[in-house]
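Structure first, commentary second.
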Amino acid sequence: MESSDEAAQRDAALVDTDWSVLPSGSVTSTFAAPSGNLAFVTQGDPDAPRVVLVPGVTGSKEDFTRMLPGLAAAGYLVQSFDIAGQYESASAGPRNRDGGAHYDYELYVADLIAVLDAGRRPVHVLGYSFAGIVAQIALERRPDLFASISLLSCPPRPGQAFRTVKRIGWLSGIAGGRVGAALMIWGIRLNVVPASPARLKFVKHRLRLTKRSSVRDVIRLMKRTPDLRRTLAESPIPKLVAVGQHDLWPEALHREFAREIGARFAVYPTGHSPCETTPNQLNRDLLALFASAQD
């Protein structure tokens with residue numbers, strides 16, 4: 001396992017890349033989930049222990065492009081997928097499940113459980129932002145599927161998750177799901193949180209396929225974040241809370257959340273997306289977590 005200095009040096013040397021191109025050696029496929037077909041990417045030995053990386057709202061499997069090769073090289077079968085309504089899984093959604101109109105927690109949790117159940121178990125699971133909430137609910141329902149759980153840039157407080165966002169949290173009580181989704185998409189398109197040219201090009205492309213209704217519904221769901229701290233604290237599996245120093249939520253809240261649930265805590269010199277900007281340091285900490293599950 002590489003040292004902290006080596007991982008940081010590799011992250012510092014990262015260059016802009018075409019984010020639409022998945023890593024060499026990865027395999028794309030579709031998975032028939034309860035909500036419909038989900039776009040999948042897999043890398044690594046099919047017989048190896050599994051790692052599933054789940055992106056959040058307005059995200060996709062490509063958010064983990066820089067992590068896949070390192071985890072696969074370390075001896076894991078690494079998988080990621082676009083969640084229902086997002087990017088290449090845009091056709092998956094509530095109408096395929098029960099004819100309903102709204103994306104809800106039940107839909108996302110059922111999809112994740114189906115993914116985890118469809119291969120070698122238990123699985124090391126990382127939930128990024130909104131997907132961290134989904135992963136917690138799935139752990140509560142099916143603890144047998146989890147070898148470890150990592151919560152990356154996940155809302156650190158239950159209830160109205162946006163109320164504790166830095167600087168603008170107080171506005172979140174005014175904006176509903178539709179307005180919140182519009183503001184999120186507007187901010188992405190205007191590159192309010194600066195992304196590299198190649199990254200921004202891909203993100204704009206991805207947004208053209210993502211269902212606006214899914215973004216709207218997820219914003220509403222995050223205003224009703226369940227309190228699963230007791231479930232997490234009582235779970236014997238290894239846990240990690242990982243964030244950037246400049247995340248949407250204050251570092252102190254993330255640190256307190258990690259303490260409450262008995263998780264390791266890792267912080268990186270970046271923003272909301274360590275998977276993109278400090279992937280080697282994140283992989284280093286994930287591999288240490290996975291190793292502890294085998295002790």
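Please verify whether R220 is in contact (Cβ under 8 Å) with a residue 60 or more places away in the chain and either hydroxyl-bearing (S, T, Y) or crowded, with 16+ Cβ neighbours inside 10 Å (or both), treating the condition exactly as stated.
So R220 does not fit the description; no.
Which condition from (1) part of a loop (DSSP other than H, G, I, E, B); (2) out of contact with any helix residue (DSSP H, G or I) (no Cβ under 7 Å at 6 or more places or on another chain) is the one that Q79 breaks?
Against the list (1) part of a loop (DSSP other than H, G, I, E, B); (2) out of contact with any helix residue (DSSP H, G or I) (no Cβ under 7 Å at 6 or more places or on another chain), Q79 comes up short only on (1).
Which condition from (1) at pLDDT 90 or above; (2) of a type in the set (A, V, I, L, M, F, W, C); (3) surrounded by 21 or more Cβ atoms within 10 Å (Cβ to Cβ) is the one that A161 breaks?
With respect to (1) at pLDDT 90 or above; (2) of a type in the set (A, V, I, L, M, F, W, C); (3) surrounded by 21 or more Cβ atoms within 10 Å (Cβ to Cβ), A161 is out only on (1).
Which one is farthest from the chain's Cα centre (by Cα) among residues in segment 242-295 that are aliphatic (A, V, I, L, M), in a helix (DSSP H, G or I) and more than 17 Å from L126 (Cβ to Cβ)?
So, considering only residues that are aliphatic (A, V, I, L, M), in a helix (DSSP H, G or I) and more than 17 Å from L126 (Cβ to Cβ), the one farthest from the chain's Cα centre (by Cα) is A252.
Taking into account only those residues within segment 47-84 that are within 21 Å of L209 (Cα to Cα), among the β-branched types (V, I, T) and at pLDDT 95 or above, which is farthest from the chain's Cα centre (by Cα)?
T65
Do we have any residue at all in segment 212-221 that's out of contact with any helix residue (DSSP H, G or I) (no Cβ under 7 Å at 6 or more places or on another chain) and part of a loop (DSSP other than H, G, I, E, B)?
The answer is no; no qualifying residue exists.
Do you know which residues across segment 97-111 are crowded, with 17+ Cβ neighbours inside 10 Å and modelled with pLDDT under 95?
Matches in segment 97-111: R97 only.
Could you figure out which of (1) modelled with pLDDT of 95 or more; (2) not in a helix (DSSP H, G or I); (3) not polar (S, T, N, Q) isn't true of A135?
All conditions pass for A135, except number (2).
Check E260, E256, E234, E251 and return the single one that is surrounded by fewer than 17 Cβ atoms within 10 Å (Cβ to Cβ), acidic (D, E), within 19 Å of S150 (Cβ to Cβ) and in contact with a helix residue (DSSP H, G or I) (Cβ under 6 Å, 6 or more places away or on another chain).
Answer to the check: E260.
Does at least one position in segment 112-123 carry a residue that is buried (at least 19 other Cβ atoms within 10 Å of the Cβ) and under 20 Å from I219 (Cα atoms)?
So far as segment 112-123 goes, yes, one or more of its residues are buried (at least 19 other Cβ atoms within 10 Å of the Cβ) and under 20 Å from I219 (Cα atoms).
Checking R66 against (1) touching a Cys at 6+ places or on another chain (Cβ under 9 Å); (2) closer than 20 Å to L112 by Cα, which test does it fail?
Unmet for R66, out of (1) touching a Cys at 6+ places or on another chain (Cβ under 9 Å); (2) closer than 20 Å to L112 by Cα: (2).
With the requirement that a residue be part of a loop (DSSP other than H, G, I, E, B), hydrophobic (A, V, I, L, M, F, W, C) and farther than 26 Å from A266 by Cβ, what does segment 1-48 give you?
The answer is V21, and nothing else.
Under 6 Å by Cβ, and 6 or more places apart or on different chains, what pairs join a residue from segment 105-126 that is assigned to a helix (DSSP H, G or I) with one that is aromatic (F, W, Y)?
Nothing qualifies.
The values are calculated or read from the model by the stated rules, or taken from the named source; none is laboratory data. These numbers come from a predicted model, not from an experiment. Neighbour counts are summed over all protein chains in view; Cβ atoms, including those assigned to glycine, are modelled from backbone coordinates with ideal geometry.
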